[in-house]
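The values are calculated or read from the model by the stated rules, or taken from the named source; none is laboratory data. Everything quoted here is computed from the prediction, not taken from an experiment. The area values use the complete protein model at the heavy-atom level, side chains included, leaving out ligands, DNA and RNA. Shrake-Rupley method; radii C 1.70, N 1.55, O 1.52, S 1.80 Å.
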Amino acid sequence: MMLPDHSPSLEGLHPSHLQRVVPMLQKQTILRLQGCCRLTERLAQHLRLPSTSLNPTMPQGAFDALAMQSHHRVARAGRHMGALVFGLHLARQIDATDVAVLDQDIGRDARLYGIRQAARMKDRLPQVPSPETLADLRTATAEYGWRCLVRWRNRVSEPFRAAATLRLPAKGLPIAASGAFDALIAYTIDILLSDD
């Protein structure tokens with residue numbers, strides 16, 4: 001499991017949080033600021049977050065450990081969760097063009113993960129509405145990935161909640177998935193963190 005260093009860092013945060021603080025800056029400038037170690041403390045003060053919210057104490061479990069990963073890795077976990085929710089539907093997509101579109105949307109590794117793990121967990125997957133078209137499947141996979149991440153954030157222990165919140169977009173998140181998705185979320189996090 002990849003563990004973070006404990007120096008304050010804004011590099012792993014979702015850039016939308018900094019964009020809210022300094023809305024006049026373009027996205028590329030925000031991304032450069034996130035990588036600048038000299039400005040970390042000053043930007044953290046503008047976010048009104050103590051350094052411990054960015055990198056709290058040692059994580060106790062996989063949920064907390066994911067909160068210490070970058071927003072890219074958290075989003076990747078969400079894509080894998082969404083792909084697992086709809087893995088049985090993804091497996092039915094055999095047209096090369098459709099597969100290419102799905103790979104572009106969620107990533108080839110997430111699509112294959114969803115198919116593989118859904119076959120193993122098919123009796124334990126939560127019930128979701130069946131997508132009727134490829135467009136419905138693409139939308140539902142992305143939406144449920146984010147819903148699972150919101151559920152994950154809500155289940156992270158208190159010392160890590162602020163860090164988890166900062167790894168997700170500042171606005172536009174859907175409602176959280178229900179508790180029926182907890183096993184799927186934990187399963188995906190464990191697998192992704194153990195691969196590091």
Give me the 1.4 Å probe accessible area per residue for the range 49-196, excluding ligands and nucleic acids, in Å².
47
List the residues whose amide H sits under 5 Å from the amide H of residue 170, counting only those 5 or more places along or on another chain, with H placed 1.01 Å from N in the peptide plane.
16, 17
What full-extension length gain, to one decimal in nm, is calculated for residue 157 and residue 119 as 0.36 nm per residue of separation minus the Cα-Cα distance?
10.6 nm
Quick one: length gained pulling residue 32 to residue 128 fully straight, 0.36 nm per residue minus the C-alpha distance?
30.6 nm
Here the gain from full extension of residue 143 to residue 112, 0.36 nm per residue of separation minus their alpha-carbon distance, amounts to 9.3 nm
